[in-house]
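Asks: Below is the structure I would like to discuss, written out as structure tokens.
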Amino acid sequence: MAFFSCSRNAVVLQIITLFLITSAVVSGSNYFQDFDISWGEGRGKIVNNGELLTLSLDNYSGSGFQSKKEYLFGKIDMQLKLVPGNSAGTVTAFYLSSGGSDHDEIDFEFLGNLSGEPYTVHTNVYTQGKGEREQQFHLWFDPTHDFHTYSVLWNPQTIVFSVDSTPLRQFKNLEKIGVPFPKNKPMKLYSSIWNADEWATRGGLIKTDWAQAPFMASYRNFNADDACFFSYGSISAHCTSKEANTGPIWLSQKLGPNSEEKLKWVQRNYMIYNYCNDAKRFPQGFPPECYVN
């Protein structure tokens, strides 16, 4: 994975802006064109002429897929329907990652549950291989009954995790106070399902019931119409934008007042863990972003 210098990053951002202003909208989603099933020996499938992708887990193996393109900033949406019934012990992940030991990463992870109990949505942000920025939430709906849209907005100012256009979490660029921010490394989009019953449900107290297998998650309506994908051959970004005639709004987008209120509502009512409140974990003081956020 290439790591670009500050001067080269500035050139790349200029290229991004130029492409966004002059680009046309690219619409439609086809999983055959956008993704590769990367592991699972047939447990991952693309069906319905490329409109639907499924991943499954049994007591032998899970499965996963990855995007063909690498993205350098964007707003990326995916509709997921999570494993129904007793999914305890399973984890379904949906994330961006640059790969490598010093990787950047933006994580959604969905921790399974006993039937009738809420899913736990686990989020994290890694920069230069360091994460430890976990926030966890319960959802206000059953994510197994139907598809819901899970989104990541990633631009040079902020990262926003959203569900059905309701923000769960915002991680701002606070490099001015020494907080690293992922902005230099293009990332691929990944998803996978696997067994993690040593920790996933109630800290590992509830184990996977293999009588319920295979466990299946479903995906549809991938959308990266507002995103930049990276071409190493020319060291340039090729971008699409729904605002092609007016400029790249998403590249500088932040949460507005209404979205800030929604974010506060979610964190007040549905957040179940915040690393910035875990004093036992940080006896020498919280990370600097905790005092800002």
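Asks: Name the one entry in GLU70, GLU109 that is of a type in the set (Asp, Glu) and under 20 Å from GLN136 (Cα atoms).
Replies: The unique qualifying residue is GLU109.
Asks: Considering (1) modelled with pLDDT under 95; (2) surrounded by 17 or more Cβ atoms within 10 Å (Cβ to Cβ); (3) farther than 18 Å from ASN274 by Cα; (4) not β-branched (Val, Ile, Thr), say which one SER234 fails and leave the rest.
Replies: Every condition holds for SER234 apart from (2).
Asks: Among the residues of the stretch 35-44, which ones are surrounded by fewer than 19 Cβ atoms within 10 Å (Cβ to Cβ) and not in a strand (DSSP E or B)?
Replies: Listed by number, the residues that qualify are GLU41, GLY42.
Asks: Which one is farthest from VAL152 (Cα to Cα) among residues in the stretch 261-280 that are without any contact (Cβ under 8 Å) to a residue 12 or more places away in the chain and among the charged types (D, E, K, R)?
Replies: LYS280
Asks: What is the residue count in the stretch 45-75 for residues that are part of a strand (DSSP E or B), of a type outside the set (D, E, K, R) and at pLDDT 95 or above? Even if it seems obvious, please write down each step before you answer.
Replies: Taking the stretch 45-75 first, the residues part of a strand (DSSP E or B) are 45-47, 52-57, 63-75.
Retained after the next criterion (residues that are of a type outside the set (D, E, K, R)): 46-47, 52-57, 63-67, 71-74.
The next check asks that each one be at pLDDT 95 or above; those that pass are 46-47, 52-57, 63-67.
Residues that pass the stated criteria total 13.
Asks: Still on this model: I'd like the full set of residues that are charged (D, E, K, R) and either within 21 Å of GLY62 (Cβ to Cβ) or in contact (Cβ under 8 Å) with a residue 24 or more places away in the chain (or both), limited to the stretch 73-124. Let's see the steps before the verdict.
Replies: Just the residues of the stretch 73-124 that are charged (D, E, K, R), to begin with: 75, 77, 81, 102, 104-105, 107, 109, 117.
Within the stretch 73-124, LYS75, ASP77, LYS81, ASP102, ASP104, GLU105, ASP107, GLU109 meet the criteria.
Asks: Follow-up. Can you name the number of the only condition in (1) out of contact with any helix residue (DSSP H, G or I) (no Cβ under 6 Å at 6 or more places or on another chain); (2) closer than 23 Å to THR208 by Cα that ASN49 fails?
Replies: That leaves (2) as the condition not met.
Asks: Could I ask something else about it? Which one is farthest from the chain's Cα centre (by Cα), of the residues in the stretch 171-230 that are closer than 27 Å to GLU260 by Cβ and in a loop (DSSP other than H, G, I, E, B)?
Replies: Among them, the one singled out is GLY178.
The values are calculated or read from the model by the stated rules, or taken from the named source; none is laboratory data. Owing to the predicted nature of the structure, the values given are computational and were not obtained by experimental measurement. Glycine also receives a Cβ, built like all others from the backbone with ideal geometry; neighbour counts cover every protein chain displayed.
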